[in-house]
Amino acid sequence: MGDAEVILGSGPNAGLRVAAGFLAPAHARIMPEDEGVVIEALARHAMVSVAGVDCRRSPLRPGQPARVGDGAGNFVTVVLEGDKAPPEEAFRTVLPGVGQRFKIGRDQDCAIRLKHPLVRGAHATLGRDSDGKLWIKDRSTVSGTFVNGERASGTRILGLGDVIQIGPFSAQVSSNRLVEVDRGSAVDVSVDGAWIEVVEKGRRKPLLQQVKLRLDSASFTAVVGVSGAGKSTLLRLVSGQTAPSRGSVSYNGLDLARHRGAFLKLLGFVPQDDTIHADLKVEEGLDFQARLRLASDTSPAERKQRIDKVLSLVGLEEQANQLVHSLSGGQRKRAAIAGELINDPPILFLDEPTSGLDPGLDKRMTYLLRLLADQGRTVVMVTHSIANLDLCDQLVLVAPGGYVAYVGSPGEVTDYFGAESLSDVFLMLESPEKVEAVLGELGTLPNMGNDLSPPPKDAVLAQSGRVDGLPSPIAVGSLGWHRALIHQTLIYAGRYVKLLSRDRSALGYSLLQGIAVTLLVALVSPARMNAVTWSTPALILGSASVWFGMVNSVRELVKERPIWKRERMAGALLPAYLMSKIAVLGGLAALQAASMVVALDLSMGLPASHRLISPAVGLLVSLWLGNLAGIGSGLAVSAVAPSADRAMAVLPYLLVPQLVLSGALFNLHQFASLAYLIAGRSAVAAVGGVAGVLPDQALTRHLYPVTRTGLYIDWLVLVALVVASLAVTWRLMAAGRNAR
């Protein structure tokens, strides 16, 4: 650049002439002004994107990529040479003196101000004690403060060379100041000799072998290969979802297996499944994502501003108030990307984001990811489409047998293999045998050496179809953990209530089913009830309460599995998620129990007996606890079921034993003790005890309680079954058994 403006276009008079049909003769101009260099679109339909943001006119800083084209993904790249300008805000300061302390955070009064959605207003305190020791203290935040990749709990003493990380910002302690670690805002990823192996039928099978690659920060990488080669497995490896059995994965030089917590909230991951509930509006779904992922002190106005920004980035401003299920496939994928951009992650992984899209939408989606990388993110995309790979900086080709056959420029892959097209390369590498032959000829077949030996005893061998369990993002039991638990439970419960209220017909059926069963029982029961005739209504009502709980809950976890799996990766707490389910379903159970008691009172009247407890209170508690026990069993099944249909198919096997082992139909003999594991037995006994049913000496001698203590024991058994079922559910989900 001199002192004169430069015209970029396809015409003969353009100073920067590119003979491309998508450029106008005078498409844009770059000109010096008092404040620096400016780039401006000239043609009516010209597109100019600076640092990933579309504009008509923008300052152009040295080293900042500008894309000039037609907005459909055809562009030329302009980079202004020169030294990069220092960032306006940086993680650097003179170290505090003896007795001094500095506040670090997002607030205006912070000595070190770091503006990022993951940083709290007052995030941490940096100080020096009277002995001259430098220290840092996290202020009970969820996203945390990390020193050398390890979460700082309490007051952490700092030494020379220690690296502090808050959100995406890092700084190193020098002799007299904090020095920013200059990586831009992105994350570089290195994989060194990594293996992924699964255990199938007692034998180890490699899915990835001796993977060695590097993903530069602020770059756009496409991972391609034939079906079944291991593309998605590689994505799970580099995103930290599966630890390698051998070798390592590093983020910014830190071993990801050891320091995963430091990067848990810094990565975005877009799976193939939708990650926003279909019955929420786009803006509603993003608001719940923002409340879960952003700093807890983020105001509603700040959340709204962030949501509007990400909707603008992905081009969904007009769809903000549409229900997600009404969006097209491409729009749903963009909504999922918007959800991942809520907390402004420096690294973004996407699994088949263009799957099912037509060629035009495929190109637009790839172009969108190009712009996201231009904004300073490290973007990694698995794709089966090879039409628009020229928009990427780097291509990773995964071949059958788990080999990474090529890492480099997309434009050089065909020359590397001596093929006419990338499709021909896929044909050359369509089987493990062909892969080994081709790579052997190229001299790039990995030298396994000692890697053929069994893995170390402490190696992580992934079970087929399972993902490694993720650690808690914050120390369990700490003040920050308790704050996060309450915060997330309220968010999850609010979202669940919103979803239930959105499907009003299903909610109405749930509330009416108890009334319908009660009225049916009243219709066929004798006009005058007594201690003998109450035994049949007690059996039906007690069993039905358990059934209602199972029916209401058996699909609740499995249908949300892709969404929960992603939220868990982002640092969501499993106890908060389960507590929200119990709170909302328990409230629904209370309404069902109350409606049954009212319907019973209005139709056939409540039992006259008062020898144990008030009939209304006793029936309400008994029916509610029976429903809760059914909810617990349903959630346990939902945690392990592979699909919602399979969960419903298991339901009859849960319902029938509630009747058979209730003890009211058959003399259980040696199965009497086993019946205590069945919620129906205690629910029927409690309802019958409240109704004053007299035990039949031959059949129900030990079923119905005749004392208040006996009734309390039945209630206690139901509570114990609820706790046991939730413990099983928690165990299954914590171990990753539901992440199929």
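The values are calculated or read from the model by the stated rules, or taken from the named source; none is laboratory data. Worth saying up front: this structure is predicted, and the values here are computed from it rather than measured. As a convention, Cβ positions derive from the backbone with ideal geometry for all residues, glycine included, and neighbour counts pool all protein chains shown. In case anyone asks, the SASA skips ligands and DNA or RNA and just uses the protein heavy atoms, side chains included. Shrake-Rupley method; radii C 1.70, N 1.55, O 1.52, S 1.80 Å.
Observations, loosely collected:
- Most positive-pole-ward Cα, Thr533, Ser153, Leu523, against dipole of the chain from beta carbon charges: Thr533
- For the chain, size of Cβ-based charge dipole, Lys and Arg +1, Asp and Glu -1, in debye: 2720
- Among 53-62, 582-591, the order from most to least packed when residues are scored by Cβ within 10 Å on average: 582-591, 53-62
- In summary, the lysines within cross-link reach of Lys581, defined as a Cα separation below 23 angstrom excluding same-chain residues under 8 places away, comprise Lys281, Lys498, Lys559, Lys565.
- Average accessible surface for segment 222-332: 37 Å² per residue, computed with a 1.4 Å probe over protein heavy atoms with every protein chain in place.
- Summarised as an ellipsoid, the chain has semi-axes of 57, 30, 27 Å, derived from the eigenvalues of the Cα gyration tensor scaled by 5 and square-rooted, with the largest first.
- Each of Ala72 and Ser614 was given a label point 7 Å from its Cα along the Cα-to-Cβ line. The distance between the two points is 7.4 nm.
- Net charge dipole, segment 173-320: roughly 840 debye, given to the nearest 20, about the Cα centre with Cβ charges of +1 for Lys and Arg and -1 for Asp and Glu.
- Taking the Cα centre of segment 143-241 as reference, the dipole from Cβ charges on Lys and Arg (+1) and Asp and Glu (-1) amounts to some 500 debye.
- Note on segment 231-381: percent of Cα-Cα distances in each 10 Å bin, starting at 0 and stopping at the bin with the largest distance, equals 11, 39, 35, 14, 1.
- Helix 432-442 axis, angle to the chain major axis (alpha carbon atoms, nearest 10°): 20
- Cα centroid separation - segment 337-370 against segment 711-736, whole Å: 41
- Helix axis angle, 282-293 relative to the chain longest principal axis, alpha carbon, degrees: 90
- Helix-only [θ]222 nm of the chain, DSSP H runs n ≥ 4, -39500 (n - 2.57) each, per residue, nearest 500: -12500 deg cm²/dmol
- Axis angle, to the nearest 10 degrees, between helix 615-640 and the longest C-alpha principal axis of the chain: 40 degrees.
- Dipole axis of segment 253-308 (+1 Lys, Arg; -1 Asp, Glu on Cβ), positive-most option in Leu280, Pro300, Leu256: Leu256
- With a cut-off of 11 Å on the backbone N, the residues of segment 631-667 near the modelled label site 7 Å out from Leu674 along Cα-Cβ are 661.
- 14 Å beta-carbon shell around Val621, net charge (K/R +1, D/E -1): 0
- Model label points for Thr414 and Ser130, set 7 angstrom from Cα along the Cα-to-Cβ axis, are 7.5 nm apart.
- Inter-label distance, Asp645 to Leu445: 4.3 nm, where each label sits 7 Å from its Cα along the C-beta direction.
- For Leu665 and Lys309, the FRET efficiency from 1/(1 + (r/R0)^6), where r spans their Cβ atoms and R0 equals 60 Å, is about 0.45.
- Given their separation in residues at 0.36 nm each and the Cα-Cα distance between them, Ser174 and Asp273 gain 31.1 nm when the chain is fully extended.
- Considering only Ala599, Gly105, Ile582, the residue lying farthest towards the positive end of the dipole of the chain is Ala599, judged by Cα position with unit charges set on Cβ.
- Surface per residue (accessible, 1.4 Å probe) for segment 22-70, Å²: 45
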